[in-house]
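Undergrad: So that we are looking at the same thing, I have put the structure below in structure tokens.
The values are calculated or read from the model by the stated rules, or taken from the named source; none is laboratory data. Just so you know, these numbers come straight off a predicted model, no measurement behind them. Here the Cβ positions follow ideal geometry from the backbone for every residue, glycine too, while neighbour counts run over all protein chains shown. Areas reflect the complete protein model, heavy atoms only, side chains present, ligands, DNA and RNA absent. Shrake-Rupley method; radii C 1.70, N 1.55, O 1.52, S 1.80 Å.
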Amino acid sequence: QVLSDVFNAPVYTIDTTNSACLGSAYRAIHGLVAEMNVSLADVVKLAPEPRLAVTPAAGAEELYRPLLKRYAELEQKVIYNPASSC
């Protein structure tokens, strides 16, 4: 639920063990075939059907939007000026 709320997006899962590892494997395959203009959608077309797990809670966007903006600003500060961010 937290991921859905923070990123204001629905979260889907697949009913398989080690689904995070499976997702990483699909991304790796996509990287291997990227030069052949194969889309990620084509790579995962035989994957198990995802199931909607959660949707963002009402009001979560108003809470997290300013925090995400602040996080992005801090991240940019660290990336572009790492010595002064410590």
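Undergrad: Report yes if E61 is closer than 24 Å to Q1 by Cβ, of a type in the set (D, E) and touching a residue at least 40 places away in the same chain (Cβ under 8 Å), otherwise no.
TA: Numbers: closer than 24 Å to Q1 by Cβ: yes; of a type in the set (D, E): yes; touching a residue at least 40 places away in the same chain (Cβ under 8 Å): yes.
Here the answer is yes, as E61 does meet what is asked.
Undergrad: Give the residue that is nearest to N8 (Cα to Cα), with candidates limited to residues of segment 63-86 that are modelled with pLDDT under 90, open to solvent by less than 80 Å² (accessible area, probe 1.4 Å) and among the hydroxyl-bearing types (S, T, Y).
TA: Going through the qualifying residues, I end up with S85.
Undergrad: So which residues in segment 30-62 are exposed (fewer than 12 other Cβ atoms within 10 Å of the Cβ), part of a helix (DSSP H, G or I) and among the hydrophobic types (A, V, I, L, M, F, W, C), if there are any at all?
TA: Within segment 30-62, L32, M36, A41 meet the criteria.
Undergrad: Can you tell me which residue in segment 52-62 is farthest from D15 (Cα to Cα), limited to those that are within 16 Å of the chain's Cα centre (by Cα) and not small (G, A, S)?
TA: P56
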